[in-house]
Number of protein chains: 2
Amino acid sequence: MLDTPFTFELRGPGFVPSRHDNHIQRTLASMRGQYCDPAAYEALLAKGDALLYEVYELNRPHKAGEVLHGISIVHPGRVGEEYFMTKGHFHTVLETAEIYYCLSGQGAMVMETPDGEWAVEALSPGRVLYVPPRWAHRSVNTGAEDLITFFAYPGHAGHDYGTIEQQGFRKLIVERDGRPEIVDNPRWKKITN
Amino acid sequence: MLDTPFTFELRGPGFVPSRHDNHIQRTLASMRGQYCDPAAYEALLAKGDALLYEVYELNRPHKAGEVLHGISIVHPGRVGEEYFMTKGHFHTVLETAEIYYCLSGQGAMVMETPDGEWAVEALSPGRVLYVPPRWAHRSVNTGAEDLITFFAYPGHAGHDYGTIEQQGFRKLIVERDGRPEIVDNPRWKKITN
């Protein structure tokens, strides 16, 4: 852990940071149950365990004064008509925000609150997205190239993946007539705590 | 104040955000006593109150879970041999960090802690700089174009400008033989609280 200022390079076209402490790779096998078409999921998995997305993180203490940060790369592709996407999560400390700067690609952020609100915002190079406290968020790649974003969030936020794993997001992004469309998630069901 | 996700465009060459809530403009007159050469300062001011730097901010609550963010633009120029720069500050809550992503231009971040450490890191397009908790920071434009950075920091950080206004930074960035050089600040003096 560094206590002195540090820098790293973040340049196109690939935007892999020149320095990073963690490199997380999520494959299809790790997202069982998260896509809306189980048959399409199993058929794709039978062809191989595709790499869906990658995250490069810089280590900092998980404390409120720190700004955790890194790069997210969602690869292009679909499971049936549903685009490749991240698992998505709430923050464990619900009252924490996150900010994204889109570096490359085309996509969307799917978001919702525990209170019933939902939102979808398009991502394209040069666009900044602010995800306020309370909003779960998932990146979806709707394009033909990698969707690459730089992200930063408070050090004490934490990740709650379990809620989304169990109930999903209210909205899905699917391809219809060659274009992304927002549709209701037929399997969405609020879990009772 | 928005409680729902929001986006804005941040694109070159100028990188003025398509949406912003505050536009701060700092001129030479607001930095009396901050440059090391008072005669050069007065001579330049006599020619007009030059615009040194601008900050575009997005409003969010000043709370720990938020990520305050915006764009800093330091214009090119010098006061004597010292490059145009921001006032620089500690965070009021000392144990809070800040992260910068350099979008355009050439410069440096001058940093120091209350404990006697100092650091200078170069800024150029594509470079990310992490300023850990406890480090005061000032952007310096050492190039011929605008130095433009995207910044993000914890919502509860606050700004302490007074300490730097009174004691300055330990190190200055000056032009010598046409190139930036780090030199001791002859007028640096730690204030006693």
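The values are calculated or read from the model by the stated rules, or taken from the named source; none is laboratory data. Owing to the predicted nature of the structure, the values given are computational and were not obtained by experimental measurement. Neighbour counts run over all protein chains shown; Cβ positions are idealised from the backbone, glycine included. Protein only, heavy atoms only, side chains kept; ligands, DNA and RNA dropped before computing areas. Shrake-Rupley method; radii C 1.70, N 1.55, O 1.52, S 1.80 Å.
Brief remarks on what is shown
- Computed about the Cα centre, the dipole magnitude for segment B:71-134 is approximately 260 debye when only Lys and Arg (+1) and Asp and Glu (-1) carry charge, each at its Cβ.
- Using the Karplus relation 6.51 cos²θ - 1.76 cosθ + 1.60 with θ = phi - 60°, the per-residue 3J(HN,Hα) values for segment B:80-91 come to x, 9, 9, 5, 4, 7, 7, 4, x, 6, 8, 7 Hz, with x marking Gly and Pro.
- Dipole magnitude of chain B about its Cα centre (Cβ charges: Lys, Arg +1; Asp, Glu -1), debye to nearest 20: 120 debye
- Inter-chain neighbour count for A:150-156: the average number of beta-carbon atoms from partner chains within 10 Å of each residue's beta-carbon is 6.
- For the chain pair B and A, the interface hides roughly 3300 square angstrom of accessible area in total, found with a 1.4 Å probe.
- Averaged over the residues of B:59-65, the number of partner chain Cβ atoms lying within 10 Å of the residue Cβ comes to 5.
- Distances between equivalent label points of A:Arg11 across the copies, with each point positioned 7 Å along Cα→Cβ, amount to 2.3 nm, shortest listed first.
- With each label modelled as a point 7 angstrom along the Cα→C-beta vector, the B:Asp177-B:Lys47 pair spans 2.6 nm.
- Label point 7 Å beyond Cα along the C-beta direction, distances from A:Thr92 to other copies (nm, shortest first): 2.9
- Taking the protein heavy atoms of segment B:38-112 in the context of the full set of protein chains, the accessible area attributed to carbon and sulfur is 56 percent at 1.4 Å.
- For segment A:181-188, Karplus couplings with θ = phi - 60° (6.51, -1.76, 1.60), whole Hz, Gly/Pro x: 9, 8, 10, 5, 8, x, 9, 5
- Cα-based helix-to-principal-axis angle, B:38-47 vs chain B, degrees rounded to 10: 70 degrees
- For B:Ile191, label point 7 Å along C-beta direction: distances to other copies, nm: 5.1
- The mean number of Cβ atoms from other chains found within 10 Å of a Cβ in peptide A:90-102 is 4, as a whole number.
- Under the convention that each Lys and Arg Cβ holds +1 and each Asp and Glu Cβ holds -1, the size of the dipole of the protein assembly as shown around its Cα centre is about 140 debye.
- Separation of alpha-carbon centers, segment A:119-184 and segment B:96-137, rounded to whole Å: 30 Å
- Bridging of A:Lys190 to aspartates and glutamates at a Cα separation below 16 Å is possible for A:Glu112, A:Asp115, A:Glu117, A:Asp160, A:Glu165, once same-chain residues fewer than 8 apart are set aside.
- Highest-first packing order for the peptide set B:75-81, B:107-113, B:142-148 is B:107-113, B:142-148, B:75-81, based on the mean count of other beta carbon atoms within 10 Å.
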